[in-house]
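Worksheet for the structure shown next.
The values are calculated or read from the model by the stated rules, or taken from the named source; none is laboratory data. No experiment lies behind these values; they were computed from the predicted model shown. Glycine gets a Cβ as well: all are built from the backbone with ideal geometry, and neighbour counts include every protein chain shown.
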Amino acid sequence: TEVYLNGTFMESERARISPLDRGFLFADGVYEVIPAFNGVLFRIDEHLARLERSLGELQIHNPHSRETWQMLCQKLLLRNGGGNASVYLQVTRGTAATRDHAFPMPPIPPTIFMTTAALNAETAVTQPDSASGAAAISADDPRWARCDIKSVSLLPNAMLRQQAVASGAVEAILTRDGFLTEGSSTNVFVVKDGLIATPPLSNRILGGITRDLVIELCRKNRMPFEERAVSEAELLDADEIWISSSTKDVMPIVSLNQKPVGHGRPGEVWKALARRYVEFKR
Ligand code: PDD
């Protein structure tokens with residue numbers, strides 16, 4: 001795999017950064033994961049807008065224009081063979097002379113890193129009738145109060161995902177103060193009596209690009225949908241649970257904490273949405 005590091009495309013084995021990089025020392029940076037199908041980036045403008053917002057919240061100067069970012073993503077994809085892949089893009093504050101919590105003044109050049117990974121375009125949505133769905137666990141959300149920033153500080157997310165994997169599940173679905181927030185790396189939707197709901201945007205969740213797409217499709221197709229607080233009781237009692245992300249699309253969760261969700265199979269509302277989703281996306 002080729003990667004991009006600070007202006008140069010190179011083989012990943014050749015890429016080097018300093019241990020004084022603030023990404024390494026403080027997780028002082030942000031990232032994006034952008035999917036591409038047949039070499040075409042999906043919702044790139046939305047991802048780059050979110051990148052800009054995350055950088056702004058950390059007071060890191062955006063090193064590139066949208067056009068340049070898009071060109072760099074496209075070039076790296078091509079150099080790695082195109083096809084179905086996700087582009088991982090990370091910007092950290094950069095390498096300071098000494099370790100000091102405060103931001104270096106004047107600002108230092110950021111460290112820009114990009115790589116790609118193969119992406120399986122065959123997710124549950126592409127075969128809604130034969131999809132088997134996945135297992136999840138629920139857990140307390142132990143994260144900080146700025147989950148709206150797509151920060152590379154992902155230790156709680158990694159620990160939660162590990163907890164899920166250790167119990168044979170794909171995702172940990174989180175609640176905070178008795179209310180659903182999101183998954184360790186996904187947004188969450190619940191369905192009860194045909195009504196779809198997802199928590200509203202706030203500092204407690206990441207504004208997912210896939211979440212926006214699901215909402216857009218629900219509205220466009222007049223599927224009953226609400227953006228509102230969802231209690232833990234509602235999560236545990238849902239007829240359907242879905243998780244969404246750029247790499248998973250929208251995936252049905254058929255068991256939560258080893259107990260079936262609804263009938264324990266992908267639900268009819270999800271199937272209807274999945275058909276709209278693939279129509280729109282591919
Ligand atoms: N994760 N919530 C969290 C905490 C996430 O990390 C992600 C994405 C999402 C979904 O966002 P989107 O639909 O824009 O991908 C929600 C990426 C894929 C990752 O960390 O690999």
Item to complete: For region 18-32, indicate whether the set of residues that are within 16 Å of the chain's Cα centre (by Cα) and either β-branched (Val, Ile, Thr) or modelled with pLDDT under 95 (or both) is non-empty.
Response: yes
Worksheet item: Condition test on Phe179, is it in contact with a Lys or Arg (Cβ under 9 Å, 6 or more places away or on another chain) and at pLDDT 95 or above?
Response: yes
Worksheet, complete the sentence: Residue set Ile173, Ile196, Ile205; condition more than 10 Å from the ligand (Cβ to nearest atom), β-branched (Val, Ile, Thr), within 24 Å of Ser54 (Cβ to Cβ) and in contact with a helix residue (DSSP H, G or I) (Cβ under 9 Å, 6 or more places away or on another chain); output residue Ile173
Fill in: Close pairs (8 angstrom Cβ cut-off, 6 or more residues apart or separate chains): on the phi > 0 side of the Ramachandran plot in region 20-35, modelled with pLDDT under 95 and within 16 Å of the ligand (Cβ to nearest atom) anywhere
none
Discussion item. Can you confirm whether Arg66 is of a type outside the set (A, V, I, L, M) and within 12 Å of the ligand (Cβ to nearest atom)?
Written reply: no
Discussion item. Cβ contacts < 8 Å: first residue over 15 Å from Lys150 (Cα atoms), restricted to region 36-64; second residue modelled with pLDDT under 95 and part of a helix (DSSP H, G or I), any location; separation 6+ or different chain. Result?
Written reply: Phe37/Lys281; Phe42/Lys281
Discussion item. Can you confirm whether Lys220 is within 22 Å of Glu46 (Cα to Cα) and within 16 Å of the ligand (Cβ to nearest atom)?
Written reply: no
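Yes/no matrix, rows are residues, columns are (1) over 30 Å from Leu41 (Cβ atoms); (2) assigned by TED's automatic domain parsing to the domain that holds Ala164; (3) surrounded by 17 or more Cβ atoms within 10 Å (Cβ to Cβ):
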| position | (1), (2), (3) |
| --- | --- |
| Gly178 | yes, yes, no |
| Ser184 | no, yes, yes |
| Asn187 | no, yes, yes |
| Leu213 | no, yes, yes |
| Trp242 | no, yes, yes |
| Gly267 | yes, yes, yes |
Fill in: Lone qualifier among Arg53, Arg146, Arg43, Arg79 - being out of contact with any Leu (no Cβ under 8 Å at 6 or more places or on another chain), assigned by TED's automatic domain parsing to the domain that holds Pro19 and within 16 Å of the ligand (Cβ to nearest atom)
Arg53
Discussion item. Scan region 125-143 and tell me whether some residue there is more than 21 Å from Val261 (Cβ to Cβ) and within 16 Å of the ligand (Cβ to nearest atom).
Written reply: yes
Practice prompt. Output the residues belonging to region 4-36 that are surrounded by 15 or more Cβ atoms within 10 Å (Cβ to Cβ), of a type outside the set (Ser, Thr, Tyr) and within 16 Å of the ligand (Cβ to nearest atom).
Written response: Gly23, Gly29, Val30, Glu32, Val33, Ile34, Pro35, Ala36
Worksheet item: If only one of Ala145, Ala131, Ala121 is assigned to a loop (DSSP other than H, G, I, E, B), touching a helix residue (DSSP H, G or I) at 6+ places or on another chain (Cβ under 6 Å), among the aliphatic types (A, V, I, L, M) and within 30 Å of Thr181 (Cβ to Cβ), which one is it?
Response: Ala131
